[in-house]
Amino acid sequence: MEARLLPYFLILPVTLFLCLFFLYPFALVAQQAFGTGDGFSLDNFREVVSYWKFPISMKNTFLLAAAVVPIQLALSLLMATMVTKMQKGRDLVLYIWTIPLGISDLAAGIIWLAIFEQSGFLNSMMVGLGVTDQPVSLLSYQTPWVVFLAIMLAEIWRATAIMLVILVAGIGLIPKEYYEAADVFGASRWKQFTRITLPLLRPSLQTALVLRVILAFEVFAVVAALGGTIFPVLMGEIYAYQFDLQNGGAAAALAIIVLIISIVFTLIIMRALRVPKGATI
Amino acid sequence: MSIHLKLSVAVSGVAMLAGAAAVQAETLFWSTQARPAEEAQAMRTEVLGGFEGGVDYQPNEDGPWLTRLQAELQADSGSIDLLGSLHGNFSAMNPDDLMDLSELGVMSASGTFNDLAKLGTDSLQYMPWMQASYIMAANTEALQYLPEGADIDALTYDQLIAWAANVEEATGQKKFGFPAGPKGLKHRFFQGYLYPSYTNGVVRTFASPEAVTAWEKFKELWSHTNPASTNFSFMQEQLLNGDAWIVFDHTSRLAQAFNERPDDFVAFPAPAGPTGRGFMPVLAGVAIPRTAPDAEGAKALVTYLMQPETQIATLKATNFFPVVDVELPADLPPSVKAAGEAVAKMSSSADANPGLLPAGLGSMGGDFNRVYVDAFERIVLAGQPIEQVLEDQKKQLEKIMNETGAPCWAPDAPSEGACPVE
């Protein structure tokens, strides 16, 4: 085969796969969202946007993303630098830190529910230590901020590892010479981090953030397990439209809205962390 | 590739094909009922094990259940032989998609059930299969706080509220439990219990002054309800771990509590309001889709399921009661005994006011439920003014009734055409 054709030949299977399992379903969803039997219409969008829970679920989704992603970014950066500095046992620590990645969302939600429930671990511990006389109801509609905090914790626990993995790989790509040079000139650890690691980590940061932000807008199972009916999010509403109400059109419309939000944020992150041409390693 | 490897690949390929063929030969029973792992297993071994043709029993959530069924119907070719689901799921379907089962020679003992199963046609579109209801259950420790003069088998809503308040006062904890979680059956409580008990209707009386009273009463009850109820789905869990002492739920969602610690819990009828003791019988049925590859096998299976022995085995496996006349054996699990007695007391009480599951709503059953759930979330959780919320939600309800044209069902007075919201 001709050498210049080879790359196209190699990406052909993936392209076909994406067309069949991503683009084609996407076209179907778009068709479902914009059509109500007779041609183009925005009825589905009007319906989902005018529902009284829409602004609440939108607000909750954004609030959660805004609270969780920055913490995860900081945590994963910290963890990644710690891991790269380790001489021994690096793999073991990485394995342990990435265990939550292998657990499904819902299972993660249920694990944290077992902690925060009225008869859960946290309550047993507090009663055992004499902090409270009897178990208190933590995940109640009267204390929405505790519910929010619990969901935040569960999300951080569950999904920080995905950023960590990307950042560890990214840090591994930074040539050691930069650090050696920095040592020679007596730069502090912090200075090395802000002047070498962070700038050279940009492409990885970009990937990690894009992935994580998109996932944050798709949060669902953890919220359902911990928040029950008191913390509606966009994904939960999509599920409700599709399966409780059997209203595929409205579900598709909401899905498109989530897609648009995801695209907008992806573009913002790509733009903010863009790597100028010629500055790549 | 070595000869050995080739050979083993070929052999395993043949084995897989043979396995696939063996699965194909079984009758595929596609059901939304008996979903929990233990129940599904009991269905496979205890109930369906005796069927000669062999059955591949596959329980599913409602969504996936309907999605695959619709796909098969649209494609005009299917692999599902028998459908098992609730009346509401069948009434949401086009009757033409289900085969007529009138000529099988079996039928439920209840005329009402058989009429419902016709789905508005002249023939039996599905076979009533099993029935259940919603009841109340309590931890025996709560019994000492029953208000004076209250008979647990004939409680009123006021007495229930007083009882929950007594328990709260005595223990310092809100121990009434209500299944208000995402998978909880709260809407059934409003549609089949609260509304019939206070307004003698469900749709017509949705925004009536009596409905306002009903919601006020419910708010009162809610003030003694475990605030974590918005996470509760199957109340047996809260009964067993002690988070709730007095609960309302579907009989099959309470079974585990009675089976694990039969002496610790009692089952009793739902309370009564000014217009009687509202309660909701639940009916499940089996049907054959028009795309069934093996309709004869499916029909044989329907006949098998309606035999008294099978019905008793089903009762033991799922806590759903028989729909044919059977002599109940003495060795029933504790949950079945407890629930059976409570249901019997409820339906035979002098002030019984049974309300049917919503019917004729087609694919809008979910929207209908949402009207009641939204009313609950806005009135009780968000604390919005009752009259205004009911006026708001009334518009949604009117839209649903007009779009579907569903006539009123009990306890609402019958209507010509779509059931009006008054």
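The values are calculated or read from the model by the stated rules, or taken from the named source; none is laboratory data. If you're wondering where the values come from, they're calculated on a predicted model, not measured in any experiment. Please note: Cβ atoms are built from the backbone with ideal geometry, for glycine as well, and neighbour counts cover all protein chains shown.
Descriptive notes on the structure:
- Helices (runs of 4 or more DSSP H) contained entirely in the range B:312-422, each with at least 2 residues that are without any contact (Cβ under 8 Å) to a residue 40 or more places away in the chain and within 14 Å of chain A (Cβ to nearest Cβ): B:365-376, B:386-404
- Unmet criterion (only one of (1) buried (at least 18 other Cβ atoms within 10 Å of the Cβ); (2) of a type outside the set (S, T, N, Q); (3) more than 30 Å from A:Q246 (Cβ to Cβ)) for B:E327: (1)
- Matching residues, the range B:165-182, being part of a helix (DSSP H, G or I) and either small (G, A, S) or more than 10 Å from chain A (Cβ to nearest Cβ) (or both): B:A165, B:N166, B:V167, B:E168, B:E169, B:A170
- Only a single item in (1) of a type outside the set (G, A, S); (2) in a helix (DSSP H, G or I); (3) away from chain A (no Cβ under 14 Å) is not met by B:H187, and it is number (3).
- Inclusion of A:F62 among residues that are over 27 Å from A:A225 (Cβ atoms) and part of a helix (DSSP H, G or I) is not warranted.
- Helices (runs of 4 or more DSSP H) fully within the range A:193-277 counting 2 or more residues that are modelled with pLDDT of 90 or more, within 14 Å of chain B (Cβ to nearest Cβ) and buried (at least 21 other Cβ atoms within 10 Å of the Cβ): A:221-227, A:234-239, A:248-272
- Residue match in the range B:78-85 (condition: within 14 Å of chain A (Cβ to nearest Cβ), surrounded by 18 or more Cβ atoms within 10 Å (Cβ to Cβ), among the polar types (S, T, N, Q) and farther than 30 Å from A:P135 by Cα): yes
- Considering A:L267, A:L273, A:L254, A:L245, the condition of being within 17 Å of the chain's Cα centre (by Cα) and not polar (S, T, N, Q) is satisfied by A:L267 alone.
- Some residue of the range B:196-217 being within 14 Å of chain A (Cβ to nearest Cβ), modelled with pLDDT of 90 or more and out of contact with any strand residue (DSSP E or B) (no Cβ under 6 Å at 6 or more places or on another chain): no
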